[in-house]
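Right, one structure below, let's go through it.
Derivation of every value follows stated rules applied to the coordinates shown; laboratory data play no part. Please read all numbers here as calculations on a predicted model, not as lab measurements. No Cβ is skipped: glycine too gets one built from the backbone with ideal geometry, and neighbour counts run over all protein chains shown.
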Amino acid sequence: MAEQGHSPLQQFEIQKVIDVKIGGADVSFTNSSVLMVIAVVAIIAFLSLSVRRRALVPGRWQSLAELSYEFVGNMIRDNVGKEGLKYFPLIFTLFMFVLFGNLLGLVPYSFTYTSHIAVTAALALMVITVVTAIGIAMHGFHFFSFFVPKGVPAVMLPLMVPIEIISYLSRPVSLAIRLFANMMAGHTMMKVFAGFVITLGAATFGVGAIAPLAMNVALTGFELLVAFLQAYVFTVLTCLYLNDAIHLH
Amino acid sequence: MPQLNPEFFLTQIVWLAITFTVLYLILWRVALPRVAEVLETRQDKIDDDLEKAARLKAEAETALATYEKTLSDARSEAQSALREAVAELANEAAKRNAELTERLNREVKAGEDRIAAAKKQAVGSIASIAADAATRATERLVGRAPDAKAVETAVAASLKSGEK
């Protein structure tokens with residue numbers, strides 16, 4: 001399976017679909033971009049078509065759309081409070097974009113844009129920038145008191161403040177790496193077991209393929225869970241950071 | 001690891017920025033308000049129905065209270081009418097009873113008076129009848145009529161001793 005072209009990591013390779021260059025910079029439309037566009041179209045279609053009938057008693061699709069709406073709404077209410085609802089559209093977009101990226105990546109032969117560190121890091125940086133901007137806009141200079149823990153002796157402050165700042169700055173790093181690593185690990189594992197199906201199956205007249213195939217079925221279910229869970233974790237952490245920015249300590 | 005190939009960092013971030021911004025704007029301006037509207041309409045409808053139900057309940061309770069009040073009024077009216085009737089009847093009965101008693105007393109008295117008069121008359125006539133009988137008997141025995149005065153005295157004396 002280490003044979004060139006059949007590496008479990010091959011699925012993460014980016015292929016250009018349309019070559020685009022702006023001022024020497026390569027901004028080609030790639031398979032990653034295709035999936036992003038599909039995700040955007042799918043999310044908009046899901047949310048608009050399902051509530052098109054505006055039924056008082058919702059059907060299946062409308063229930064699903066309302067469920068996602070209230071799920072994110074409750075997440076914000078629980079973790080940030082009513083003041084957080086102002087940022088509902090952004091949090092909702094974030095949740096849906098990550099969730100659909102994770103889910104669409106599970107379709108065979110598609111591509112998982114959330115398995116790329118560039119994408120997750122950009123999303124995490126956007127989150128931390130927006131959250132910090134909200135904090136500074138709400139509290140002004142007082143926002144930086146966030147880095148000064150309460151009840152700590154003044155002698156300790158030269159040590160504590162850098163630690164707080166580092167812990168704050170490591171938030172986007174952990175946010176980005178958690179999503180990227182989870183998606184990449186899951187997809188790699190599925191590919192590895194899929195490789196076992198071929199190699200073990202060929203060596204044992206198909207008998208050896210049963211166990212890795214069963215494993216892959218189980219992994220597919222597990223990856224569906226991970227797809228939801230990581231989207232949820234990404235969003236919930238965003239809410240917690242937002243909560244810190246709005247309420248400070 | 002293809003993820004660490006910096007060749008495609010820029011394009012990914014650019015397309016992420018484009019698609020994410022488009023998605024954000026459309027969700028914020030178009031899609032989410034529609035979902036919110038549907039949810040709000042339902043909430044309004046539910047609130048409306050609850051309010052209506054509460055109003056109907058209050059109405060039903062008022063009607064029940066009115067009914068119960070009417071019922072208890074009627075019952076107390078009936079009771080007072082009954083009590084009045086009973087009192088009236090008792091009064092009437094007592095009056096009639098008193099009248100009857102008086103009449104009977106009067107009649108008893110009249111009867112007693114009559115009896116006493118008759119007795120008196122009878123007792124009075126006994127003396128004369130006895131005197132008459134004595135006179136006649138004496139006349140038959142002796143042949144001549146005795147002195148009326150003596151007969152009377154003798155009869156009175158014998159009557160007196162007979163009474164003893």
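Please verify whether the range B:24-31 includes one or more residues that are out of contact with any strand residue (DSSP E or B) (no Cβ under 9 Å at 6 or more places or on another chain), more than 14 Å from chain A (Cβ to nearest Cβ) and among the aromatic types (Phe, Trp, Tyr). Working first, answer last.
Going residue by residue through the range B:24-31, those that are out of contact with any strand residue (DSSP E or B) (no Cβ under 9 Å at 6 or more places or on another chain) are B:24-31.
When the remaining residues are screened for being more than 14 Å from chain A (Cβ to nearest Cβ), the result is none.
Checking the range B:24-31: not a single residue is out of contact with any strand residue (DSSP E or B) (no Cβ under 9 Å at 6 or more places or on another chain), more than 14 Å from chain A (Cβ to nearest Cβ) and among the aromatic types (Phe, Trp, Tyr).
For (1) assigned to a helix (DSSP H, G or I); (2) surrounded by 15 or more Cβ atoms within 10 Å (Cβ to Cβ); (3) within 11 Å of chain B (Cβ to nearest Cβ), each residue gets a yes or a no:
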| position | (1), (2), (3) |
| --- | --- |
| A:Ser110 | no, yes, no |
| A:Thr120 | yes, yes, yes |
| A:Thr129 | yes, no, no |
| A:Gly135 | yes, yes, no |
| A:His139 | yes, yes, no |
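With the requirement that a residue be over 17 Å from A:Tyr109 (Cα atoms) and aromatic (Phe, Trp, Tyr), what does the range A:175-200 give you?
Answer for the range A:175-200, where residues must be over 17 Å from A:Tyr109 (Cα atoms) and aromatic (Phe, Trp, Tyr): A:Phe180, A:Phe196.
Assess whether A:Val41 counts as being in a helix (DSSP H, G or I) and in contact with a strand residue (DSSP E or B) (Cβ under 7 Å, 6 or more places away or on another chain). Lay out the reasoning, then the answer.
On the way: in a helix (DSSP H, G or I): yes; in contact with a strand residue (DSSP E or B) (Cβ under 7 Å, 6 or more places away or on another chain): no.
No, not satisfied.
Restricting to the range A:41-59, count the residues that are free of Cβ contacts under 8 Å to residues at least 12 places away in the same chain and at the interface with chain B (Cβ under 10 Å from one of its Cβ atoms). Outline the logic, then answer.
Within the range A:41-59, the first condition is being free of Cβ contacts under 8 Å to residues at least 12 places away in the same chain, and the residues that meet it are A:41, A:44-45, A:48, A:52-59.
Still in the running and at the interface with chain B (Cβ under 10 Å from one of its Cβ atoms): A:41, A:44-45, A:48, A:52-58.
Selection size over the range A:41-59: 11.
Within the range B:5-21, track down each residue that is buried (at least 18 other Cβ atoms within 10 Å of the Cβ) and of a type in the set (S, T, N, Q).
B:Thr11, B:Gln12, B:Thr19
Can you spot a residue in the range B:130-140 that is surrounded by fewer than 10 Cβ atoms within 10 Å (Cβ to Cβ), charged (D, E, K, R) and part of a helix (DSSP H, G or I)? Don't jump to the end; show me each part of the working.
Narrowing the range B:130-140 to residues surrounded by fewer than 10 Cβ atoms within 10 Å (Cβ to Cβ): B:140.
Still in the running and charged (D, E, K, R): B:140.
Checking the rest, the ones that are also part of a helix (DSSP H, G or I) come to B:140.
Among the residues of the range B:130-140, at least one is surrounded by fewer than 10 Cβ atoms within 10 Å (Cβ to Cβ), charged (D, E, K, R) and part of a helix (DSSP H, G or I), which makes the answer yes.
Could you look through the range A:141-166, keep only residues that are within 17 Å of A:Asp244 (Cβ to Cβ) and of a type in the set (A, V, I, L, M), and pick out the one that is surrounded by the fewest Cβ atoms within 10 Å (Cβ to Cβ)?
In the first step, residues of the range A:141-166 are kept if they are within 17 Å of A:Asp244 (Cβ to Cβ); the result is A:141-150, A:160-161, A:163-166.
Imposing the further condition that a residue be of a type in the set (A, V, I, L, M) reduces the set to A:148, A:160-161, A:163, A:165-166.
Details: A:Val148: 12, A:Met160: 15, A:Val161: 15, A:Ile163: 12, A:Ile165: 13, A:Ile166: 10.
Of everything passing the filter in the range A:141-166, A:Ile166 is surrounded by the fewest Cβ atoms within 10 Å (Cβ to Cβ).
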